[in-house]
1. Could you check, for region 154-164, whether at least one of its residues is touching a helix residue (DSSP H, G or I) at 6+ places or on another chain (Cβ under 7 Å) and part of a loop (DSSP other than H, G, I, E, B)?
2. Condition check: touching a residue at least 60 places away in the same chain (Cβ under 8 Å), assigned to a loop (DSSP other than H, G, I, E, B) and within 22 Å of residue 148 (Cα to Cα). Does residue 80 satisfy that?
3. If a residue must be in a helix (DSSP H, G or I) and either without any contact (Cβ under 8 Å) to a residue 24 or more places away in the chain or within 19 Å of residue 135 (Cα to Cα) (or both), how many such residues does region 172-182 contain?
4. Keeping to region 34-81, report how many residues are over 17 Å from the mean Cα position of the chain (by Cα) and either surrounded by 17 or more Cβ atoms within 10 Å (Cβ to Cβ) or within 22 Å of residue 163 (Cα to Cα) (or both).
5. Scan region 115-122 and tell me whether some residue there is in a strand (DSSP E or B) and in contact with a helix residue (DSSP H, G or I) (Cβ under 7 Å, 6 or more places away or on another chain).
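Since every read-out is calculated from the coordinates, none of them should be taken as a lab result. In this text the structure is predicted, and so the values were computed from the model without any measurement. When we count neighbours, we look across all protein chains shown, and the Cβ atoms used for this are built from the backbone with ideal geometry, even at glycine.
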């Protein structure tokens, strides 16, 4: 049986963050035929520096990230928002994945961003920034996915069946997305 492999890039390093819990819910409740893998170790990546990314000699943590994303069928960023933008750890991961120039691990991959934060806008700007950055890195952003959820005054949004249903619907949209072939130049 063929599986669709979705890798999740987490924007939060906290072990019990709501976004990690969202990613774990997607992993644990993914429908048959879909495998969701959470990328661990984003906090171990050095900040992107072209001087240490030469001739295939990238740090081991970077090679693991590129390999894991490279064999994935889809990429999902699950992230909060820090000061109106995506967390540095997510931005840094996308920077590493975008290199070497012309060989981005994100190239051609369907990509989406979603998540929750205890702010009024639920991470909207972070998700927009992640999508924009992934687009520049060569990913195909799936425009039909927009879950930027505020957790203000909500005890546990993952106990809300409607919210979990929206998450699983977003996963299904990402998995079923087909990238249209570009015409030859």
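1. no
2. yes
3. Residues in region 172-182 being in a helix (DSSP H, G or I) and either without any contact (Cβ under 8 Å) to a residue 24 or more places away in the chain or within 19 Å of residue 135 (Cα to Cα) (or both): 4 in total.
4. 3
5. Within region 115-122 (the criterion being in a strand (DSSP E or B) and in contact with a helix residue (DSSP H, G or I) (Cβ under 7 Å, 6 or more places away or on another chain)), the answer is yes, since at least one residue qualifies.
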